[in-house]
Amino acid sequence: MSNRIYVFKVFERFWHWSQALLIIALLVTGFEVHGSYKLLGFATAVDTHTTLAWTLVGLWVFAIFWHFTTGEWKQYIPTLQKVDAMVKFYAYGIFTNAPHPFKATTLKKHNPLQRLAYLGVMLFIGPLIWFTGWFYIFHDKWVEWGWDQYLSLEWVAFFHTVAAFMMLIFLIAHVYLTTAGHTPTSHIKAMITGWEETD
Amino acid sequence: MRAKHLLLLTLFAGATAWSALAAANTAPSGAASVEPSPDYPKMTMPPPEVKPPVAKPSKSTADHSKFKELQVDFKSGPEVTAACLKCHTEAAKQVQHTKHWTFEFKNPQTGQMLGKRHIINNFCTSISSNQEFCSACHVGYGWKDNSFDFAAQDKVDCLVCHEKTGTYRKLPGWAGHPVYQDVEFPPHSGKIVKAVDLKAAAQSVAKSGRNNCGACHFFGGGGDAVKHGDIDTSLSNPGKYLDVHMDKDGLNFSCGECHKTSGHEVPGSRYAVTAKDEGGKAHMRGKEDKNPATCQACHTNAPHKHHARLNTHAEKIACQTCHIPEFARGKATKMMWDWSTAGKLDKDGKPFTTKAPNGQVAYDSKKGDFRYEANVIPTYVWFNGTVNYTLADTKLDPSKLVQINRFEGSASDGKSKIWPIKVFSGKQPYDKATNQLLIPHTYGGEGDDTAFWKVFDWNKALEAGMRSVNQNFSGEYGFVSTEMYWPITHMVAPKDDALSCAQCHQPSIGVGRLDGVPGVYMPGRSANKLLDTAGWTFALLTLLGVLGHGAGRIYAAKKQGAKHHE
Ligand code: HEM
C-alpha cells in the first residue's frame, strides 16, 4: 500500500501550472517573433508575447513575495548532499527498479538535483530573460532615456534568445523527469492534487 | 509677312525630327500620318472643369477678366507677361531667382552645381544643345541656345503656372513658346494643335493648381509617368486610393498645399532633401526656417496615437517607407533606358518603334530600349538628404555601375532614415579617352545635320553636344551602365494600405521589404544563425536524450516483468 503526503499547497500548484502555460506560450510566440516559423502572424505574436511576458513578470513578483512570506524559499537552498545519489539513480538505479534515493516531505519538496536545476532557472535563466526582455520591451524608450548609447538590440535579442533556448531545454528535461518519480505519474499527480504518493 | 512665313516653315520642318506628342486639343486632319512614337510626352490633360451656369463668386478678390490690361488680343507670351508685370511689379524678379527659371541649384551640402543646366542624367541626358526642345518645360519664352537672356523680365512665362483654361500648351521645339498659329503636331501625325488663345488664358489666371505643376512635372523624362514613378497625370484628379492628400473627394490638396510657396520660391526640393525632419512639433505653414513639404511639417514626429511602437519605427524609417507601399500605382513608369541600342533603322532607313506585350514602348530608334513597370516595390536605402552627383567633369570607372546621384546615409550617422526610392537604370554614352559622361545633341531643327534624332550618328551628335558646353569629344565613345535614384514621396496611400509588420518582419513572399538594408536588427529577419544552430541542436539532443532514457526504462521494466513471470 502506498502512503500519501501533502507536498504542494494550492498556491504552489496554481503558480506552477500557470507558469508552465505561460512559458510554453512564450516559447511558442517568442520563437515566432524570432523568425523560426509562422503561426499567429508576426504582429499578433509580438502583442501576445508582450502581454504574456508582463503576466509572467506579475506572477513571479507574486511568487517571490509568497516564497519569502511563507519561508518556502528555503526549498531552493542548494545542497550537494545526495546529489551523487540522484545522479546515480537516474543513470542506473532507475533501470533496475532501485528505490528512489529521495523522499519528498512537506518540508523538503525537491530532490537535490531539482533544487539545483530550479535554482539555476530562477537565478540564471529567469533573470536573463527578464532583463533582456525588459530592455527589449522598452526599446521604444532607449533614445529618450539615453540607453541607446549602451545597448544594442542585436545583443539584447541575442541573450534573450540564449535564455529562451535554455528555457526550452530545461522544459524538455523537466517534463521528462516528472515521469521519473516513484511511479511515472506520481510527480504529476502531486502537482495536480498536492498529494505525492510514496512507498 | 515673309518673315512670318519663314518662321512657320522653320517650325514645321524642324518638327519632322521628333517622335510624337499626342495632344489634348488636337483634331485629326485628313493629312497622311506616320504612327507617332507613343513614348513622347502625351501631354493630355483632363479637360478643364465645366463651369456651372450661374457662376459662384470667385474666392479671389480680383477678376482678371475685368482688367482692361488683359482685354487685349495678345500676339505672344511675352506681351502677356508685360501686362502682368504692370501690376505684379516684383513677380518676374522673384521668378528669376528660382530654379524654375535658372535651371541651376548650388547644393550647399556638397558645393556641387546642379540643376538641369548642369546635370547629365540617364533619361534624356542633358538639355545642352537641345534647349529648343527641352525648354517647353522652362518657365520662360525663347531659351533655344546659350544666348538666352536670363535677365529679360518679359521672357518669364506667367501663364504656364497660372492660367486655368487648360488649353495653354508649350510644345517641345518651340523654345518655351506656346503655338501662336495652328500647327500639325506631332509632325506628320495629321493632328492639329490649335493656336493658343492668349486672351482667354490671361484672363483665367489664378493660384497654380495640380494641372499647372503637372504640365511639366507629370511628364518629366519625356512622357507621362516616365521619370518619377510617383508623379504623373493620374494625380490630376486622383481618388483616395492613389493619394490621400490629393483625393478629389476628400482633402483635394493642390501641390502647393505642401510645397507652400512664398515669393515664387517653391520649397521641397529633390536636390537637397530633408531626409530626417527633427521637428518634434508640427511646424505647419508660415514658419520660414523649415521645409514645409515634409510629412512632419503637419504630422509631427509622433503621429501614431495608438501605437507608440510605430512612432519608434519612425525614428529610423521615413514615413514614406510604410505609407507608400508601391510606386507607379497610377501609371506604369519607366525603369530602364538603354541608349546603346538606339539608332537602328528599318529596311527603308527609317526609325521605328516596337511595343512590349504590356502595350508600352519597348524600343525606339531615337532612344534605344526601355522597360516600363507598374506597381513597383521600391528599393530601400539609408538616406540623410545629401546627394552626390556624377557630373560632366566627374571621372568614372566604366567597368563599374556609375551612380548618377549617390544618396548618402547610414544606420549610424544619426541623420539618416530608411527611404523608399525608385532606382532607374540606364546605359548612356561616355568618352573612352576622358572617362567622363558625354552629352549627345539629340534634337535638331531645320537644317540641323548633327542631331542624333535626325542623322542617327553618335559621333556627330556627341561632337555637337560637347561643343555646346565648350568641351572636346575625343571621338571614342562607349556606353556605361548607370543608375539614378529618385526618392519616393508622393502618392501616399490610405493607412489601411500601409505596410504591415509582416511585410518586413515575416514576409510571406520570402523576401522582407528591408532585408537588404544594413545596420538594423530586425526581429524575425536578423536571427543569429550560429545561435540558432547551437540552440536547436542542444534542444534536439536533450529531446533524444530523454527519449532514449525513457526507452531504456520501458525496456528495463519489461525485462524485469518477464523475470517475474519465469
Ligand atoms: C519563458 C519566457 C520567454 C521566452 C521563452 C521568450 C522567448 C523569446 C524569443 C525567442 C524572442 C525572439 C527574440 C528575437 O529573435 O529577436 C522573444 C522576443 C521578445 N521577448 Fe521574450 N521570451 C520570454 C519571456 C519574456 C519576458 C519575461 C519578457 C519581458 C519582460 C519578454 C519580452 C520580449 C520582447 C519585448 C520581445 C521582442 C518582441 C518584439 O519584437 O517586439 N520575453 N522572446
Residues being β-branched (Val, Ile, Thr), open to solvent by 50 Å² or more (accessible area, probe 1.4 Å) and within 13 Å of the ligand (Cβ to nearest atom) - total across the stretch A:2-49:
3
If you scan the stretch B:522-539, which residues turn out to be open to solvent by 30 Å² or more (accessible area, probe 1.4 Å), assigned to a loop (DSSP other than H, G, I, E, B) and touching a Phe, Trp or Tyr at 6+ places or on another chain (Cβ under 9 Å)?
B:ASN528
Residue by residue through the stretch B:439-461, note down the ones that are free of Cβ contacts under 8 Å to residues at least 60 places away in the same chain and buried (at least 24 other Cβ atoms within 10 Å of the Cβ).
B:ALA461
When residues of the stretch A:148-158 are limited to those that are more than 7 Å from every other protein chain (Cβ to nearest Cβ), open to solvent by 30 Å² or more (accessible area, probe 1.4 Å) and hydrophobic (A, V, I, L, M, F, W, C), the one nearest to B:GLU278 (Cα to Cα)
A:LEU151
Return a yes/no flag: does the stretch A:67-77 have any residue that is open to solvent by 70 Å² or more (accessible area, probe 1.4 Å), at pLDDT below 80, more than 9 Å from the ligand (Cβ to nearest atom) and of a type outside the set (A, V, I, L, M, F, W, C).
yes
Select from the stretch B:454-475 the residues that are out of contact with any His (no Cβ under 9 Å at 6 or more places or on another chain) and outside any loop (DSSP other than H, G, I, E, B) and list them in ascending order.
B:LYS454, B:VAL455, B:TRP458, B:ASN459
Hey, among B:ASN384, B:ASN435, which residue is within 24 Å of the chain's Cα centre (by Cα) and farther than 19 Å from B:LYS227 by Cα?
B:ASN384
Residue pairs meeting the criteria (Cβ under 6 Å; at least 6 apart or on separate chains; first under 27 Å from A:SER36 (Cβ atoms) and polar (S, T, N, Q), in the stretch A:168-194; second open to solvent by less than 40 Å² (accessible area, probe 1.4 Å) and within 16 Å of the ligand (Cβ to nearest atom)):
none
If the Cβ limit is 6 Å and pairs must be 6+ apart or interchain, which residue in the stretch A:133-147 that is more than 9 Å from every other protein chain (Cβ to nearest Cβ) and more than 8 Å from the ligand (Cβ to nearest atom) pairs with which residue that is among the basic types (Lys, Arg) and open to solvent by less than 50 Å² (accessible area, probe 1.4 Å)?
none
Test: B:ASP431 is more than 16 Å from the ligand (Cβ to nearest atom), assigned by TED's automatic domain parsing to the domain that holds B:SER147 and open to solvent by 30 Å² or more (accessible area, probe 1.4 Å):
no
Looking at the stretch B:486-503 only, could you name the residues that are open to solvent by 30 Å² or more (accessible area, probe 1.4 Å) and under 30 Å from B:VAL402 (Cβ atoms)?
B:THR489, B:HIS490
Is the stretch B:540-558 home to any residue that is within 14 Å of another protein chain (Cβ to nearest Cβ), loosely packed, with under 14 Cβ neighbours inside 10 Å, within 16 Å of the ligand (Cβ to nearest atom) and more than 30 Å from B:CYS213 (Cα to Cα)?
no
Here is a list: B:LYS66, B:LYS106. Which entry is within 17 Å of B:THR165 (Cα to Cα), modelled with pLDDT of 70 or more and open to solvent by 30 Å² or more (accessible area, probe 1.4 Å)?
B:LYS66
Note on the stretch B:289-305: residues closer than 25 Å to A:THR44 by Cβ and more than 16 Å from the ligand (Cβ to nearest atom) are B:ALA302, B:PRO303, B:LYS305
So which helices (runs of 4 or more DSSP H) stay within the stretch B:159-244 end to end and still have 2 or more residues that are within 30 Å of B:PRO420 (Cβ to Cβ)?
B:210-217
Of (1) of a type outside the set (Val, Ile, Thr); (2) modelled with pLDDT under 95; (3) more than 22 Å from the chain's Cα centre (by Cα), B:GLY330 fails just (3)
Given the criterion closer than 20 Å to B:ASN528 by Cβ and either in contact with a Gly (Cβ under 8 Å, 6 or more places away or on another chain) or touching a residue at least 24 places away in the same chain (Cβ under 8 Å) (or both), identify the matching residue among A:LEU22, A:LEU56, A:LEU52, A:LEU26.
A:LEU26
Quick test of your reading of the structure: B:GLN71 fulfils all but one of (1) without any contact (Cβ under 8 Å) to a residue 60 or more places away in the chain; (2) of a type in the set (S, T, N, Q); (3) surrounded by fewer than 18 Cβ atoms within 10 Å (Cβ to Cβ). Name the failing condition by number.
(1)
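One line per residue, one yes/no per condition, for (1) among the small types (Gly, Ala, Ser); (2) closer than 26 Å to B:VAL511 by Cβ; (3) in contact with a strand residue (DSSP E or B) (Cβ under 9 Å, 6 or more places away or on another chain):
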site	(1), (2), (3)
B:GLY330	yes, yes, no
B:THR333	no, yes, yes
B:ALA342	yes, no, yes
B:PRO351	no, no, yes
B:LYS366	no, no, yes
B:VAL387	no, no, yes
B:LYS395	no, no, yes
B:ARG406	no, yes, yes
B:ILE421	no, yes, yes
Condition test on B:ARG513, is it facing another protein chain (nearest Cβ under 10 Å) and open to solvent by less than 50 Å² (accessible area, probe 1.4 Å)?
no
In the stretch B:367-400, residues that are part of a loop (DSSP other than H, G, I, E, B) and within 30 Å of B:GLU326 (Cβ to Cβ) total 10
Spot the failing condition for B:ALA502; the list is (1) over 30 Å from B:ASP346 (Cβ atoms); (2) more than 10 Å from chain A (Cβ to nearest Cβ); (3) hydrophobic (A, V, I, L, M, F, W, C), and only one is missed.
(2)
Residue count for the stretch A:159-199, restricted to those that are at the interface with another protein chain (Cβ under 9 Å from one of its Cβ atoms), surrounded by fewer than 17 Cβ atoms within 10 Å (Cβ to Cβ) and in a helix (DSSP H, G or I)
3
Given the options A:LEU52, A:LEU123, A:LEU151, A:LEU128, name the one that is within 16 Å of the ligand (Cβ to nearest atom) and not in a helix (DSSP H, G or I).
A:LEU151
Can B:VAL480 be described as farther than 30 Å from B:MET336 by Cβ and either free of Cβ contacts under 8 Å to residues at least 24 places away in the same chain or away from chain A (no Cβ under 14 Å) (or both)?
no
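The values are calculated or read from the model by the stated rules, or taken from the named source; none is laboratory data. Predicted model, so just to flag it, every value in this text is computed and none were measured. As a convention, Cβ positions derive from the backbone with ideal geometry for all residues, glycine included, and neighbour counts pool all protein chains shown. Side chains included, ligands, DNA and RNA excluded: accessible areas come from the protein's heavy atoms. Shrake-Rupley method; radii C 1.70, N 1.55, O 1.52, S 1.80 Å.
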